[in-house]
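The values are calculated or read from the model by the stated rules, or taken from the named source; none is laboratory data. Because the structure is a prediction, the values reported are computed rather than measured. When we count neighbours, we look across all protein chains shown, and the Cβ atoms used for this are built from the backbone with ideal geometry, even at glycine. The accessibility values were calculated without ligands, DNA or RNA, using every heavy atom of the protein model including side chains. Shrake-Rupley method; radii C 1.70, N 1.55, O 1.52, S 1.80 Å.
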2 protein chains.
Amino acid sequence: MSEASLEALIDALRRLPGVGVKSAQRMAFHLLQHDRDGALRLAGALRAAAEGIGHCQRCHTFSEAQICRTCLDPARDARQLMVVETPADQAALERTGSYRGLYFVLMGRLRPLDGIGLADIGVHPLLERTADGIVQEVILATGFSAEGEATAHVLSQALKARGLSVTRLARGVPAGSELEYVDLSTLAHALHDRHGLG
Amino acid sequence: MSEASLEALIDALRRLPGVGVKSAQRMAFHLLQHDRDGALRLAGALRAAAEGIGHCQRCHTFSEAQICRTCLDPARDARQLMVVETPADQAALERTGSYRGLYFVLMGRLRPLDGIGLADIGVHPLLERTADGIVQEVILATGFSAEGEATAHVLSQALKARGLSVTRLARGVPAGSELEYVDLSTLAHALHDRHGLG
Ligand SMILES: [Zn+2]
Ligand SMILES: [Zn+2]
């Protein structure tokens, strides 16, 4: 395939996460052979998003406006602030339908081995954000990987030092699981975090 | 995620083959968070390819020019014409470095169950192409799936009826394979297609 614009398209598709040279080639051929409209629509969507989407000044999630719709929603409980790593995590928590407070999106987590420290994730903006006199509880919903746990630990200390109530999502047995198939560490945490009934 | 331009980007990415909603979301977030240059470059490459790439009038492969570089290359042997299903197959055969003839790209194969018949793949253009008085051997390099085999069979009959020499890629044991792990059908074909030594 020696056509320059085809080579350029395959190269550009390869920059997408999880796309190798074979997939990029398959995508390019598919678009050219069956879906040129889709190619033009994707081109327009990429440009519109790359040029139009910034970060909400209050919660840092992706937003076209300076303040996102969630932060502006008067029906949300501004006394609760949930801290998540990414907009994808925020979307997953929203889908549960069981949280009505606000969010703060770190856009990352501590990754000391990669040189990602406190200054690179939004810790100082988070401390500012929680100093509004309205936030009472900060719910740490970073992941349960080693890095997510470390991030929660560091944030917890900084937030508690400022007199805020800090909680963490529970670890435990996933819904629908048989105990015999759950890993030991998860079972141990489920036992430790057991709660009273009735 | 309620931002319209983000939703539009995720929808457009989902039209790529092999990309589900989770991958599309991950791609969109990655581009917005880490690679806006990549997003703009991909947008430009999509538009340039969708608007600039057509099909070679002689071999039907993707080409910016009316006749592709391979068809114009005076170093290729115009007496041999290899028939392949797709530009990806053509690229794979070129990578072997062991073919110096020309190509004809069907841009598909017979798929009777999906209503893809002779008129939908380039059979009539192929018959025209082989009537140039120069082509002597047509090498059928469609796939060895049931559909690829059926396509080769139909083409073979039409081409032989016009007095052309028609050959087919050999089936056999893949290079590097231990016989005990090769499927029976492949072994049977390898035995049937055995060739003399020296
Ligand atoms: Zn916001
Ligand atoms: Zn050509």
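Once the label point is set 7 Å along the Cα-to-beta-carbon vector, what list of distances in nm do you get between A:Ala92 and its counterparts in the other copies?
Those separations, rounded to one decimal, come out as 3.6 nm.
Rolling a 1.4 angstrom probe over the protein heavy atoms, how many square angstrom per residue are accessible across chain A?
For chain A, the solvent-accessible area averages 54 Å² per residue.
Where Rh denotes the Kirkwood radius from the mean inverse Cα pair distance, what is Rg over Rh for the range B:1-144?
1.10
Report the residue, chosen from B:Arg129, B:Arg100, B:Arg41, that carries the largest GNM mean-square fluctuation when chain B is represented by alpha-carbon nodes joined by springs under 10 Å.
B:Arg41
Normalising by the residue count of chain A, find the relative contact order in percent from Cα pairs under 8 Å and 6+ residues apart.
This gives 13 percent for chain A.
For the rotation bringing A onto B, which A residue has its Cβ nearest the axis, and at how many Å?
A:Ala43, 2
Determine how large the accessible area of B:Thr167 is when every protein chain is in place; take a 1.4 Å probe and give Å² rounded to the nearest 10.
50 Å²
Can you compute the label reach from B:Asp37? Point 7 Å from Cα along the Cβ direction, backbone N cut-off under 20 Å, restricted to the range A:14-54.
Answer for the range A:14-54: A:14-19, A:46-54.
Give me a comma-separated list of calculated 3J(HN,Hα) values for the range A:167-177, in order, Karplus coefficients 6.51, -1.76, 1.60 applied at θ = phi - 60°, integers in Hz, x for any Gly or Pro.
Ordered by residue, 3J(HN,Hα) equals 10, 9, 3, 6, 9, x, 6, x, 4, x, 8 Hz.
For Cα pairs less than 8 Å apart in space and 6+ apart in sequence, what is the mean separation divided by the residue count of the range B:21-113, i.e. the relative contact order in percent?
21 percent
Label position 7 Å from Cα toward Cβ: report the copy-to-copy distances for A:Gly20 in nm, one decimal, ordered from shortest.
From this label point to the equivalent ones elsewhere in the assembly: 1.9 nm.
What is the extension gain from B:Ala65 to B:His195, computed as 0.36 nm multiplied by their sequence separation minus the C-alpha to C-alpha distance, in nm to one decimal?
Here the segment from B:Ala65 to B:His195 would lengthen by 42.6 nm.
Gain in length, A:Ala146 to A:Asp114, computed as 0.36 nm per residue apart minus the alpha-carbon separation, to one decimal in nm?
10.2 nm
Suppose every Lys and Arg Cβ carries +1 and every Asp and Glu Cβ carries -1, with no other charges. What dipole size does the range A:1-144 come out with about its Cα centre, to the nearest 20 debye?
220 debye
How big, on average over all directions, is the shadow cast by the Cα convex hull of the protein assembly as shown, in nm²?
Dividing the Cα hull surface by four gives the mean projection, 29.1 nm².
Under 5 Å between amide H atoms, partner at least 5 residues away or on a different chain: which partners does A:Cys68 have, H built in plane at 1.01 Å?
A:Gln57, A:Arg58, A:Cys59
Is the C-alpha gyration tensor of the range A:86-171 telling us rounded, prolate or oblate? Criteria: a/c under 1.5 is rounded; beyond that, a/b larger than b/c is prolate, otherwise oblate.
Because a/c hits 1.5 or more and a/b fails to exceed b/c, the range A:86-171 counts as oblate.
Report, for B:Ala65, each distance to the same residue's label point in the other copies, shortest first and in nm; define the point 7 Å along Cα→Cβ.
Relative to the other copies, B:Ala65 has label-point distances of 5.5 nm.
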